[in-house]
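Just so it is clear, none of the values below were taken in a lab; they were calculated from the coordinates. Everything numeric in this text was worked out from a predicted model, so none of it was measured. Virtual Cβ from ideal backbone geometry, glycine too; neighbours counted across all protein chains shown.
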Amino acid sequence: MLKVYVIANKNKGLVLFGWVIMSNHLHLLAQSKVGDISGFIRDFKKHTGKAIIEYIQNGIESRRKWVLKIFSENASRTNRNKEYQVWTHENHCVKVYTDTFVREKLEYIHNNPVRAGIVERPEHYLYSSAKDYAGEKGLLDVEILSTKWKTYN
């Protein structure tokens, strides 16, 4: 993810405000300096999809056959991919205009691991920008928005 982020930041002008990676999906609150967020999403899916397949094929994944079978079945349902499809073709992009909506989206993104029962507090989850909003350093560079992250007990 870090390598993809650095490439996207350099080549696509990606500005990342918030993010979380879960086991079966991810959320981003981001903007493209060049106005091409859909191009970033397309390239991100292409690059990471290939990397995931390569890792599964060449790594030590114990469920290799099962996972590749699922990705192969996904590809068979579309004309776009010949062999494997990791990501869905749909995106749920939403334009964010107001401060209130930004805060709602950040809270939703950061609370994903809490709702899933993985951690008690958002900033305890490694694969998220919640640490950054709690005043700590997270895995990726994010542009902190003017809202302060709060942990709710």
**Report entry** CD proxy at 222 nm, helix term only [per DSSP H run n ≥ 4: -39500 (n - 2.57); per residue of the chain; nearest 500]
**Finding:** -13500 deg cm²/dmol
**Report entry** Average projected area [Cα convex hull, the range 51-132], square nanometres
**Finding:** 8.0
Query raised in the report: Relative to the first principal axis of the alpha-carbon coordinates of the chain, what is the inclination of helix 99-115, with its axis defined by its Cα atoms, in degrees from 0 to 90 and to the nearest 10?
Result: 60
Query - Greater than 30 Å apart at Cα, pairs in 69/95; 33/82; 82/131; 45/65; 45/95 - result: 69/95; 33/82; 82/131
Query raised in the report: What residue among 43, 99, 141 has the largest mean-square fluctuation in a Gaussian network model of the chain, using Cα springs under 10 Å?
Result: 99
Query raised in the report: Roughly how many debye, to the nearest 20, is the charge dipole of the chain about its Cα centre, given +1 on each Lys and Arg Cβ, -1 on each Asp and Glu Cβ, and no other charges?
Result: 440
Query raised in the report: Counting other Cβ atoms within 10 Å of each Cβ, which trypsin sites (Lys or Arg not before Pro) in the range 34-75 have at most 11 and sit in a DSSP loop?
Result: 63
Report summary line: Nearest 10, in degrees from 0 to 90: the angle of helix 2-11 to the longest Cα principal axis of the chain is 80
Requested in this report: State the volume of the convex hull built on the alpha-carbon positions of the chain, expressed per residue in Å³ and rounded to an integer.
Outcome: 135
Report task. With a Förster radius of 30 Å, plug the Cβ-Cβ distance of residue 64 and residue 121 into 1/(1 + (r/R0)^6) and report the FRET value to the nearest 0.05. Result -> 0.30
Report task. Counting only C-alpha contacts under 8 Å and six or more residues apart, can you give the relative contact order of the chain as a whole percent? Result -> 24
Query - chymotrypsin sites (Phe, Trp or Tyr not before Pro) restricted to DSSP loop in the range 83-147 with at most 16 other C-beta within 10 Å - result: 97
**Report entry** Under the Karplus curve 6.51 cos²θ - 1.76 cosθ + 1.60, θ = phi - 60°, whole-Hz ³J(HN,Hα) for the range 36-45, x wherever Gly or Pro sits
**Finding:** 10, 5, 5, x, 4, 4, 4, 5, 4, 4
Query raised in the report: Which cross-chain or sequence-distant (5 or more) residues have an amide H under 5 Å from the amide H of residue 17, H modelled 1.01 Å from N in plane?
Result: 29, 30, 31, 143
Query raised in the report: In the range 46-153, which GluC sites (Glu not before Pro) fall in coil by DSSP and have 14 or fewer other Cβ atoms within 10 Å?
Result: 61, 83, 90, 120, 136, 143
